[in-house]
1. Take the alpha carbon atoms of region A:120-231, find their radius of gyration, then divide it by 2.2 N^0.38 Å using N residues; give the quotient.
2. So what J values fall out for region A:150-158 if you push phi through Karplus, 6.51 cos²θ - 1.76 cosθ + 1.60 with θ = phi - 60°, rounded to Hz, Gly and Pro as x?
3. What's the angle, to the nearest 10 degrees (0 to 90), between helix A:257-266's Cα axis and the longest principal axis of chain A?
4. Show which lysines lie in cross-link reach of A:LYS125 when reach means a straight Cα distance below 30 angstrom and same-chain residues fewer than eight apart are skipped.
5. Peptide A:165-172: average number of partner chain Cβ atoms within 10 Å per residue?
6. Of A:TYR228, A:TYR69, how do they rank once you tally other Cβ atoms within 10 Å and put the fewest first?
7. Per 0.36 nm of contour for each residue apart, how much would the distance between A:ILE6 and A:ASP286 grow if the chain were fully extended, relative to their Cα-Cα spacing?
8. Looking at the square roots a ≥ b ≥ c of the eigenvalues of the Cα gyration tensor of region A:67-169, which shape do they give, rounded for a/c under 1.5, prolate if a/b is larger than b/c, or oblate?
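Every number here is computed from the coordinates shown, using simple stated rules; none is lab data. None of the values given here were measured: they were computed from a predicted structure. All Cβ positions, even for glycine, are placed from backbone atoms using ideal geometry, and neighbour counts span all protein chains on display.
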Amino acid sequence: MPLQRILSGALGGAGLHLDHRLTEIRDLGGAAGLSFANGRTIEADLVVGADGVRSVVRRFITGGDDTVYSGTSAFRGIVPVDKLPALPDPGAIQFWMGPDAHLLHYAIGGNADYVNFFAVVEYPKVWPHAEKWLDSIEPGEAAAAFAGWHPAVVEMVAQHLPVRWGLFGTRPLLNWYRGAVVILGDAAHAMLPHHGQGANTTIEDAITLAELLPGTALDGLGPMLAKYQSLRRARTRKIQRSSWITNSLLHLPDGPQLAERDQRVTRFPEDFGWIHQFDALQTAHDATQTQRHPAPPHA
Amino acid sequence: MQQTEIETAFAELVENITGTQPARIDRDLHLDKLGLDSLSKIDLAVAAEDRFGIAIPDEDLERFVVVGDLLDYVHRTTA
């Protein structure tokens, strides 16, 4: 993974400990005690939990399970372009929308010779597993869900697809930190994938923390984490909400609403500019400048 | 929390989000008439949560149509 190489390279390898599954956090008053499944325990001045939608760190902060199953699931696959003769433009990013389902695909690979697709359906209404987000499916189940769709869609879901992915989010949280423990990414604001913003908003969170953290004394962690939360909470909650609304728009039944939805699709760059034009670094930088150089009082 | 206190704070929050100070707080005024669409209503909810120390879940926020809906919610939840 190029991103993992960049991140581990920046860290230099030292201090990177793999195979540590967090099982418990204890409040040590000013610090946090962490216990791992491999038996190790450590004390930390600051814990940044980036441990996903089923975050153990979030459970310590909010005291509950804030995971929400969306009632939707996805079939995913990677198909060589030469297996998709009916696909009009294999290099395009395309959404195919229909009643209660949609399929998104885009090209991947150095020469764009594969198509990665993601097909979402409005079931099962109840997810059958407590911890797992993968569920085995019968051969042909995905194909049956998209029977009668465009031949290119049919070609994609005709591939060997052994599992469905449950799509989960988190309910919007009031608090992203407790003491010296804070969360980011899916742990703080897991969303449905329809804006493609899960990883991007996580990187925005990380940039914001990285900008606020330098120069923060240990006894100043509280105000710094409060600032981080206030910079991130509204934006990510809006994208979360919008991802759920987008799910409904992608899955509209036949009817008069389709024309309005299709109009909205043509305004995509204007309507969603607030998502894509956001500058997390500048926003965090401006916030630290305001903090360090408060505006002079009015004369 | 007193109703008038909530109204004053509400006017400030709306001004911070829309950039316009509401001329008056009319309980029957639709939130969209204050320049609040479905997404900026989330800005308002998050700001109100921080200001009043309460949680406003999405499903409750969805039901706020007029100004009075939000004022009553804050009044009830902070009581």
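1. The reported ratio for this selection is 1.52.
2. 3, x, 5, 5, 4, 4, 5, 6, 7
3. So the inclination is approximately 60 degrees.
4. A:LYS238, B:LYS41
5. 2
6. Placing the least packed residue first, the sequence is A:TYR69, A:TYR228.
7. 98.2 nm
8. Prolate, because a/c is 1.5 or more and a/b exceeds b/c.
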